[in-house]
Amino acid sequence: MSELDYEIGGRRLLSAMDLSVGAGESVAVMGPSGSGKSTLLSLVLGLIRPLSGQILVAGKDITALRGSKLNRWRQQHIGMVFQFGELLPELTPVENVALPALLAKGNRSQAFKRAEELLLSLGVPVGTTTTGDLSGGERQRTAVARALMSHPSLLLADEPTGALDEQARDQVADVLFNVPRQNGCGLLVVTHDALVAERADRVLQLSHGKLVDAVSQGMV
Ligand SMILES: Nc1ncnc2c1ncn2[C@@H]1O[C@H](COP(=O)(O)OP(=O)(O)OP(=O)(O)O)[C@@H](O)[C@H]1O
Ligand SMILES: [Mg+2]
């Protein structure tokens, strides 16, 4: 994204912000509560529009897309992991991961096969256990698998380890930071946890509407 401006409630949240996440690269964004980190991800998802500026996702400026074109671009190119997974607890992990592909009218058996492969590769049990019975870390790894289902070029994560204990946090971080290396997609993680952030290739701090290098500022 470049020269991005965003205002909410008369307050300038992002100001001439520039950010680029390359293929195979991981970037972590830190910053105080309310500084606009989740807003930044919503902009990249095209859920809200900037005042001005460009947001290129897989080469296309999504600020110029509307309606079903925007939805399709988002579905094809972006995967998203939320803090609390946002999975359906009564479904099995395989069903949760396959669901977006099934809703998009994809091939049913192929979707289940890929979902199972992804889950196994991320170390999640794929029996008949419902997702609600999994541990917090397993649930988050299921959320990562679901985000990877569509072979996205960009993976976004908002506080993906915020609700986890230390051990589960490390396992989820392992899985997450492996994604750019293994799948070649870009990873943009918002986190309050310096131990998670420092595993990224670059750590940025959102401060007064701009992203600054957190390492050179002595913040990590
Ligand atoms: N619809 C809205 N109207 C007015 N203000 C809003 C609205 N939506 C968000 N905000 C404000 O925008 C600011 C940025 O919110 P955002 O959720 O991006 O922060 P954040 O950096 O993700 O914080 P946290 O670390 O707590 O998740 C906050 O001050 C929030 O109250
Ligand atoms: Mg937030």
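Among the residues of segment 1-25, what is the count of those that are modelled with pLDDT of 95 or more, buried (at least 16 other Cβ atoms within 10 Å of the Cβ) and of a type in the set (A, V, I, L, M)? Residues flagged as modelled with pLDDT of 95 or more, buried (at least 16 other Cβ atoms within 10 Å of the Cβ) and of a type in the set (A, V, I, L, M) within segment 1-25 amount to 4.
For segment 54-87, what are the residues that are in contact with an Asp or Glu (Cβ under 8 Å, 6 or more places away or on another chain) and away from ligand 1 (no atom under 16 Å from the Cβ)? If the condition is that a residue be in contact with an Asp or Glu (Cβ under 8 Å, 6 or more places away or on another chain) and away from ligand 1 (no atom under 16 Å from the Cβ), then Gln54 is the only one that fits. Apart from one condition, Pro152 fits all of (1) part of a helix (DSSP H, G or I); (2) under 23 Å from Ala200 (Cβ atoms); (3) within 13 Å of the chain's Cα centre (by Cα); the exception is (1).
Would you call Leu47 at pLDDT 95 or above, more than 16 Å from ligand 2 (Cβ to nearest atom), surrounded by fewer than 14 Cβ atoms within 10 Å (Cβ to Cβ) and on the phi < 0 side of the Ramachandran plot? No. Scoring Arg139 on the criteria (1) of a type in the set (Lys, Arg); (2) assigned to a loop (DSSP other than H, G, I, E, B); (3) modelled with pLDDT of 95 or more leaves a single failure, condition (2).
Residues in segment 1-44 that are outside any loop (DSSP other than H, G, I, E, B) and β-branched (Val, Ile, Thr) were compared, and the one that is farthest from ligand 2 (Cβ to nearest atom) is Val27. Within segment 28-43, residues that are within 15 Å of Gln83 (Cβ to Cβ) have Cβ atoms under 6 Å from residues that are part of a loop (DSSP other than H, G, I, E, B) and near ligand 1 (Cβ under 7 Å from one of its atoms) in these pairs: Lys37/Gly31, counting only partners at least 6 apart in sequence or on another chain. Reported count of residues in segment 161-183, each being more than 12 Å from Ser26 (Cβ to Cβ) and touching a residue at least 60 places away in the same chain (Cβ under 8 Å), is 2. Highlighted here would be strands (runs of 3 or more DSSP E) found entirely within segment 164-220 that include at least 3 residues which are surrounded by fewer than 18 Cβ atoms within 10 Å (Cβ to Cβ), touching a strand residue (DSSP E or B) at 6+ places or on another chain (Cβ under 6 Å) and at pLDDT below 95, but there are none.
Taken over segment 45-57, the residue count meeting the criterion of being within 20 Å of Val190 (Cβ to Cβ) and assigned to a loop (DSSP other than H, G, I, E, B) is 7.
The values are calculated or read from the model by the stated rules, or taken from the named source; none is laboratory data. Remember, it's a predicted structure, so these values are computed and weren't measured experimentally. Glycine also receives a Cβ, built like all others from the backbone with ideal geometry; neighbour counts cover every protein chain displayed.
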